[in-house]
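This report refers to the structure that appears directly beneath it.
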Amino acid sequence: MYQRQKQELRQQTSAHLAQTMTILSMSADEIREKIASELSVNPALELTDERICPTCHRLLPDNGICPNCCTLKSEDEESIVFVSPRDDFAVENYAVHSELSHEPDMDSAQHEDLPTYVLRQIGPDLEDDEKMIAAYLLTSLDEDGFITSSVLEIAQYYHVLPSKIEEVIQLIQHADPLGVGSRNPQEALMVQIQHLSGLIDIPDKTLDVIRDSYDLLIHGKYREISKIHDLTTKQINTIEKFIGENLNPYPGRAYWGEKGIDNNVDNNTYHFPDILIYYLNDNPKNPLVVEIIMPISGNLKVNEFFKRESKNAPEDKVEEWKNDIDRASLLIKCLHQRNNTMVRLMEVLVDLQGNFIRYGDSNIVPITRAQISKLLDVHESTISRAVANKTVMLPNKKVVPLSAFFDRSLNVRTIIKDLVKEEKKPLTDAKIVEVLTGMGIDIARRTVAKYRAMEGILPAHMRNSANLR
DNA sequence: CTATGGCACGGATT
DNA sequence: AATCCGTGCCATAG
């Protein structure tokens, strides 16, 4: 008897824990879904219109800004962290709203982001359903302007033929940053060549070499290429030079990278950020505001009416109703806990990585989840879960995964990137190591090569300071 | 001989 | 326990 009670209790708490953990590791989108599905099956859960601050649980004034949590507590405070209720992040609107009738013009290109820019160009040629597909494709491009998801997946998702997707991709590829929406550098180059043929002179067999021997070319294996394509080394050099001067293997980066701004498409999914970070009143001198998105408006609570009625429930329902109530209050508790953890996590994170947030990638300080867990006095896995599956929009409108805050090499990588950008003669990896050592950064030559590859920077002999279009 | 990529090992991180 | 990351060693091309 006593034993059984104990066991039940243990089961309850372990269920409790299990749910706390899964909820903590969910993104805002997933939370939204979770709540929606729970609402539809559980009569004990209720979403009311009351506006309650999810951080401190006080009633919110009409403007939805909590006077307690969303203001500076003192003058010298450097950041404000709070949970904000928002359900106004409509995913589809992203593309459909940007009206598609305008001419593409160079001026606006610098201000709007890549997906919008491309969509404007091709919009007029698209059917409505194709617009959806195009929007999806464009928003899921990675930072190089490549498509990451597979055509088949998308086709299934939208219930259309793969060939239809391919058509849309073709259109995208021939829009302005020529070659965006390819799957890899090779494809991008081929698109660019096809487009340029007839406009300017292209060395013999350039297309053939890229199509059939791309890997060899990348690795500079001239001998094999000359065997396969019956070309002299000199001809191959001409081809390589031509590519370097006229084409760009990374269309997305060429377009936005030249201006020093990477585009802001997130690279795995098209989720909206779970966390927003911006300057108070958009003034960089002001403190940082950190909004942790809670994707519901109104207040989630146990339906009081249902609770009262359940006391005189019919025999056969007693168990079920009680269960419903437990589930509802458990879910609410877990959500509170998630909010609490996220707020605490973000507080130390802005504190530690403030310079990274404000002044960019090279200012990131390498930290680990384990360190944070000690700081907050929680288990490491708690931090792991809290960091997992979340994305952050930084003040510069870039969306990055929260795990980027724990990137141990980002600072060095950006330094290398800058170094290469400023270089007069191409720096070899060994040279880069020297410079870095001089700056107090001690890494192996091999590692520089890896970082280079990560940033999509070509090896020294392949880049003749020509990445211009 | 120099520059760079591939493979794989070991230690740290999650 | 699984995964990630930096690195050393070796092969290959020039």
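The values are calculated or read from the model by the stated rules, or taken from the named source; none is laboratory data. No experiment lies behind these values; they were computed from the predicted model shown. Glycine gets a Cβ as well: all are built from the backbone with ideal geometry, and neighbour counts include every protein chain shown.
Details
- Looking at A:I367, A:I357, just one residue is within 9 Å of DNA strand B (Cβ to nearest atom), among the β-branched types (V, I, T) and modelled with pLDDT of 85 or more, and that residue is A:I367.
- Which listed residue is surrounded by fewer than 13 Cβ atoms within 10 Å (Cβ to Cβ) and touching a residue at least 12 places away in the same chain (Cβ under 8 Å), from A:D49, A:D62: A:D49
- Segment A:364-387: number of residues that are of a type in the set (V, I, T) and loosely packed, with under 15 Cβ neighbours inside 10 Å: 2
- When every residue of segment A:36-44 is checked against the conditions, none turns out to be at pLDDT below 75 and surrounded by fewer than 19 Cβ atoms within 10 Å (Cβ to Cβ).
- Of all residues making up segment A:204-218, the number that are within 16 Å of DNA strand B (Cβ to nearest atom) and among the charged types (D, E, K, R): 1
- Test for A:A453: is it farther than 30 Å from A:V289 by Cα, modelled with pLDDT under 90 and within 14 Å of DNA strand C (Cβ to nearest atom): yes
- Residues being within 15 Å of DNA strand B (Cβ to nearest atom), closer than 30 Å to A:L141 by Cα and touching a residue at least 24 places away in the same chain (Cβ under 8 Å) are entirely absent from segment A:432-443.
- Any hit, segment A:291-307, residues being farther than 30 Å from A:E380 by Cα and surrounded by fewer than 13 Cβ atoms within 10 Å (Cβ to Cβ): yes
- Scanning segment A:279-303 for residues that are part of a strand (DSSP E or B) and among the basic types (K, R) yields a count of 1.
- When the test is whether a residue is more than 26 Å from the chain's Cα centre (by Cα) and either modelled with pLDDT of 75 or more or closer than 27 Å to A:F305 by Cβ (or both), A:E50 passes it.
- Residues that are touching a residue at least 60 places away in the same chain (Cβ under 8 Å) and within 15 Å of DNA strand B (Cβ to nearest atom) within segment A:396-425 comprise A:P401, A:L402, listed in sequence order.
- Any chance A:D361 is under 21 Å from A:T414 (Cβ atoms), of a type outside the set (A, V, I, L, M) and buried (at least 18 other Cβ atoms within 10 Å of the Cβ): yes
- Hey, A:Y117 at pLDDT below 70, surrounded by 12 or more Cβ atoms within 10 Å (Cβ to Cβ) and assigned to a helix (DSSP H, G or I) or not: no
- Exactly one residue among A:Q192, A:Q186, A:Q235, A:Q170 is buried (at least 22 other Cβ atoms within 10 Å of the Cβ), part of a helix (DSSP H, G or I) and not β-branched (V, I, T), and that residue is A:Q192.
- Looking only at residues of segment A:219-232 that are within 16 Å of DNA strand B (Cβ to nearest atom), assigned to a helix (DSSP H, G or I) and without any contact (Cβ under 8 Å) to a residue 12 or more places away in the chain, we find that the one that is surrounded by the fewest Cβ atoms within 10 Å (Cβ to Cβ) is A:R223.
- Among residues that are within 13 Å of DNA strand C (Cβ to nearest atom) and modelled with pLDDT of 90 or more, A:V433 is included.
- Residue selected from segment A:266-284 under the condition modelled with pLDDT under 85 and within 22 Å of A:I31 (Cβ to Cβ), by the criterion surrounded by the fewest Cβ atoms within 10 Å (Cβ to Cβ): A:N268
- Search result, residues across segment A:19-35 that are in a helix (DSSP H, G or I), within 19 Å of A:P273 (Cα to Cα) and among the hydrophobic types (A, V, I, L, M, F, W, C): A:I23, A:L24, A:A28, A:I31, A:I35
- Filter result for A:N303 (touching a Pro at 6+ places or on another chain (Cβ under 8 Å) and not hydrophobic (A, V, I, L, M, F, W, C)): yes
- When segment A:376-421 is filtered for residues that are in a loop (DSSP other than H, G, I, E, B), of a type in the set (K, R) and within 12 Å of DNA strand C (Cβ to nearest atom), only A:R408 remains.
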